Amino acid sequence: MWKQIIEQLSTAHEFSPPATWSELSLAEERLEVKLPDALRELMFESNGIQGEYGLGLVWPIDRIVADNLRFRSHAVFKELYMPFDPLLFFADAGNGDQFAFPIQLGQIRRNDVFVWNHEDDSRSWVAPDLAKYLEWWLNGTIKL
């Protein structure tokens, strides 16, 4: 399903081999949060999607884990920015800004996608779910 959605939206993309159950389970354990269902489903079709110019439309699971753990634990980031614990980063805009799902009380309770602005530390709503994020990001509706 996810590959078909992307192929309808863009010709400039590259799929990866699917993630495994064990990779996703380990990621959830390390991040201490269950991944959103839509993201899990996408990962079972392609462990990340690379867009035009190498843009991370959806990062591979190992990058999702590494970047989220780094952002949550980096001492300098803790001084510069609001806490990153309420965010699950999964993609970037190519300009330093990153897309994330909100984490509330240790769970993803909403399917909404937000963007974190690296310059002013704002967090803004950009889409109601992963499918709309991909559609709106690829067709230019989301402007950063």
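Some points to look at:
- Residue that is farthest from residue 84 (Cα to Cα), among those in region 109-142 that are part of a loop (DSSP other than H, G, I, E, B) and touching a residue at least 24 places away in the same chain (Cβ under 8 Å): 142
- Among the criteria (1) at pLDDT below 95; (2) in a strand (DSSP E or B); (3) more than 12 Å from the chain's Cα centre (by Cα), the one residue 95 does not fulfil is (2).
- Tally, over region 1-37, of residues that are in contact with a strand residue (DSSP E or B) (Cβ under 9 Å, 6 or more places away or on another chain) and either farther than 23 Å from residue 115 by Cβ or open to solvent by 30 Å² or more (accessible area, probe 1.4 Å) (or both): 8
- Under the condition of being more than 13 Å from residue 99 (Cβ to Cβ) and either polar (S, T, N, Q) or open to solvent by 20 Å² or more (accessible area, probe 1.4 Å) (or both), the residues counted in region 39-62 number 12.
Yes/no matrix, rows are residues, columns are (1) more than 20 Å from residue 128 (Cα to Cα); (2) in a helix (DSSP H, G or I):
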residue	(1), (2)
4	no, yes
7	yes, yes
14	yes, no
19	yes, no
23	yes, yes
29	yes, yes
35	no, no
38	no, yes
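- Of all residues in region 123-144, those satisfying the criterion of being of a type in the set (Ser, Thr, Tyr) and open to solvent by 40 Å² or more (accessible area, probe 1.4 Å) are 124, 141.
- Only a single item in (1) among the charged types (D, E, K, R); (2) open to solvent by 50 Å² or more (accessible area, probe 1.4 Å); (3) within 13 Å of the chain's Cα centre (by Cα) is not met by residue 119, and it is number (3).
The values are calculated or read from the model by the stated rules, or taken from the named source; none is laboratory data. Just so it is clear, the structure is predicted and the values come from calculations on it, not from any experiment. FYI the Cβ positions are ideal-geometry reconstructions off the backbone, even for glycines, and counts take in every protein chain you see. Just the protein is used for accessible areas: all its heavy atoms, side chains included, with ligands, DNA and RNA removed. Shrake-Rupley method; radii C 1.70, N 1.55, O 1.52, S 1.80 Å.
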